[in-house]
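As structure tokens, the structure follows; a few thoughts come after it.
Taken together, the values in this text are just the output of simple stated rules run on the coordinates, not laboratory data. Source: prediction; values computed, not measured. Virtual Cβ from ideal backbone geometry, glycine too; neighbours counted across all protein chains shown.
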Amino acid sequence: MRLEARTNIPLGFMLLAPVLAVLASFMLCAGLVAWSGVPVLEAYGLLLQGALGSGFALAETLARTTPLIFTGLAAAVAFKSRFWNIGAEGQLYAGALIITVLGTGMLDLPQELMIPVLVICSAVAGALLLLGPVLLKLHFGVDEVVTTLLLNFIVILLVSLLLEGPLKDPMGLGWPQAEPVTEAAELPRLFRGLRLHSGLLLALLLAFIIWIVSIRTTLGYEMRAVGFNQKAARFAGMPVNRVMIMTALISGGIAGIAGYSEVAGMKGNLTLDLSPGFGYTGIVVAMLAQLHPLGVVISATFVASVFVGADAMSRSAGVPSYIADVMVSVSLLCMLVSVLLVRFRIRWS
Amino acid sequence: MEWLEIFLNTSFWVAAVRIATPLIFGTLGEVICEKAGVLNLGIEGIMTIGAMVGWMTVYQGAGLWTGVLFAAVCGGIFGLLHAMLTVPLGLSQHVTGIGITLLATSLSSYVYRLILPEVNSPPRIQAFEPLDIPGLSAVPIIGEALFKQTPLTYFAFISVIVVAYVLYRTPVGLAVQMVGENPAAAEAQGLNVTIIRTCAVVCGSAFMAVGGAFLTMSAFNAFFFNMINGRGWICIALVVFASWRPGKALLGALLFAAFDAYQMRLQQLIGSEIPYQIFLMMPYVLSILALIVMSRRVGYPQALMVPYRKGER
């Protein structure tokens, strides 16, 4: 068996890959759904209805899309330069932590100033958390996958420590949760009575900016070159280490903003269940989008609808909601294969 | 001097060896995969599914060893999936591994919930009992730690010896090392790189799954979500710490576990002056430190993470 690189891949083919992967994943998971005793088509119908069937469902889906756009972008930016940042989960909490420190009363600014300042602070917190792993990779050759993964556990324990200590809300009835952020720090809701908040607009703006940076700036060009062939990039005189560090700072920063968006837009305060694995799901989002910043928006919407839809399906039909995680991870693996099939031709000889 | 007396305590050493067991299996499994040139980041998920399947098999009425066998087979299947994607297809080992972990973890949760829909406290099984080796277990302080453990712990120690022997003293082991160091040369010798790498990953993943099964069938007697809790990632760090040698992997796992057991006892001694989370962070911090310290002198397999395609340079 041999793999032959295709030349001239039509755009339609590239766009077909995620569609094929998603269809394959739904088919592969049909057996698992059937095992739960619910007819497969009925279950998938309920899923679709739960995700997109009403205005309320749609708003819930978009609210769930928001953090996934951030973490998906974080993974896409890093993976494009072949920097394997698996620590978006930790960076999200780092961003949320700094917001909790600053946004619950310490900082007193009018809303027009407060929001940008907090966005920047959360980005800095996320970026700083990723600075360690990237420096360790560049100077000691320590694999960033392991360090970023381990940092996730460390940061979450730190959050738990602070929530039971200095950041604990005295009005929280003993629950480990932080004080809610002040009104000025809150990201305003987009519609009355729905949880959808302006973090979504921030996420869309960020996706657009990252896209422009990647196709229109020297830095974006260098980031792609480093990911494509590091040796060639170095040979061409690019500052590979500096590009790597910039990549890491941008990636960590975006993930940090996800923490701000979740605390100030969605939950109102920092708790230990702020993120049900958004950082890890972001990897799937990025891969489904083939690391394209605008594609991330679409794939995040898809992944969010699977999660929101599966919750609804679980409530009404009794299929365990973990099916969403299974479907999303199967579509990641299918995506890897279908991208391969698009890029290469398999020759059996 | 209470903090020193911990070392004279038999229960400390028993706990250290118990904590080390899943790490030994996991690290050993990862060593086998990486020796053949394949990084297996599926380890966290494979340990989780091993823990779930082993426990579930016994809960459904089968014997304990059948449970271990089923766990190993399941681990092997996920290893096969990882190998299929990364060896013949040459996909990114990082992303595929994370994908395997996400899949295996979520599948464990899904299947567990499907079979046991509404349980508030996790049901329990009759787990492995410690096996007393008469005479030797009476040795003061460390006797019980080494000779009064559950059968899976002995199995872990034996596995280390067997794997070390196979890797360094048999043609099969040399072939595995060769495809991890220089696959083109191995191919020239008439070895089938794809098959050897695939077998190594399957075999290594089976070990990881048994490590997971130890947790639900020996250390505890129930399955909890998130019970692996980063142990797989710690194993990845231990492989580097052990410079890819099975013997050193055993040593590393024991050292690590001793530290873990020690901090738990120290925590009880100190009380609540220092928040318990600081102690819980220690294993992860220690893993990162170990990676930094060892990074200068590692002799990693030359073809690690390099997919091999016949006839390409």
Q | Largest to smallest principal axis extent of the C-alpha atoms in the protein assembly as shown, angstrom | A | 76, 67, 57
Q | Residue-averaged 222 nm ellipticity for chain B, from DSSP H runs of 4+ at -39500 (n - 2.57), nearest 500 | A | -22500 deg cm²/dmol
**Q.** Per-peptide average of other Cβ atoms within 10 Å, ordering A:130-141, A:263-274 highest first
**A.** A:263-274, A:130-141
Q.
Let me check the size of chain B from its C-alpha atoms; what are the radius of gyration and Dmax in Å?
A. 19.8, 65
(Q) So if I take the centroid of the Cα atoms in region A:80-120 and the same for region A:246-275, what is the distance between those two points in Å? (A) 6
Q: Hey, can you grab everything whose amide H is under 5 Å from the amide H of A:Phe344? Only 5+ residues off in sequence or another chain; H modelled, so Pro and N-termini drop out.
A: A:Arg6
Q | Cα centroid of region A:128-191 to Cα centroid of region B:1-62, whole Å | A | 28
Q.
Could you work out [θ]222 nm for chain A from helices alone, using -39500 (n - 2.57) per DSSP H run of at least four and dividing by all its residues? Round to the nearest 500 deg cm²/dmol.
A. -24000 deg cm²/dmol
(Q) For the ranges A:22-31, A:87-96, B:171-180, what's the packing order if you count other beta-carbon atoms within 10 Å of each residue, average per peptide, and put the highest first? (A) A:87-96, B:171-180, A:22-31
Q: Please report the base-10 log of the normalised intensity I(q)/I(0) for region B:50-128, using a Debye sum with one equal scatterer per alpha carbon and no solvent, at each q in 0.20 (1/Å).
A: -0.90
Q | Rg in Å to one decimal, and Dmax rounded to a whole Å, for region A:2-347 via C-alpha atoms | A | 20.6, 66
Q) What dipole magnitude, in Debye to the nearest 20, does region A:2-347 give about its Cα centre under +1 on Lys/Arg Cβ and -1 on Asp/Glu Cβ? A) 1480
Q | Rounded to 10°, Cα long-axis angle of helix B:276-295 versus longest principal axis of chain B | A | 30
Q.
Could you give each residue of region A:63-68 its phi-based ³J(HN,Hα) in whole Hz, using Karplus coefficients 6.51, -1.76, 1.60 with θ = phi - 60°, and x for Gly or Pro?
A. 5, 6, 5, 3, x, 6
Q. When Cβ neighbours within 10 Å are restricted to other protein chains, what is their mean count per residue of peptide A:150-156?
A. 6
**Q.** Peptide A:81-87, shielding by other chains (average Cβ, 10 Å cutoff)
**A.** 2
Q) chymotrypsin sites (Phe, Trp or Tyr not before Pro) within region A:179-275: which are DSSP loop residues with at most 14 other Cβ atoms inside 10 Å? A) A:Phe191
Q. Ordered by packing density, taken as the mean number of other Cβ atoms within 10 Å over each peptide's residues, highest first, how do B:272-282, A:310-320 rank?
A. A:310-320, B:272-282
Q | Lysine pairs within chain A, Cα separation less than 30 Å, 8 or more sequence positions apart or different chains | A | 4
Q | Charge tally in the Cβ shell below 11 Å around A:Met114, where Lys, Arg are +1 and Asp, Glu are -1, A:Met114 excluded | A | -4
(Q) Let me confirm one metric for peptide A:313-319, namely the mean number of other chain beta-carbon atoms within 10 Å of its residues' beta-carbons. (A) 1
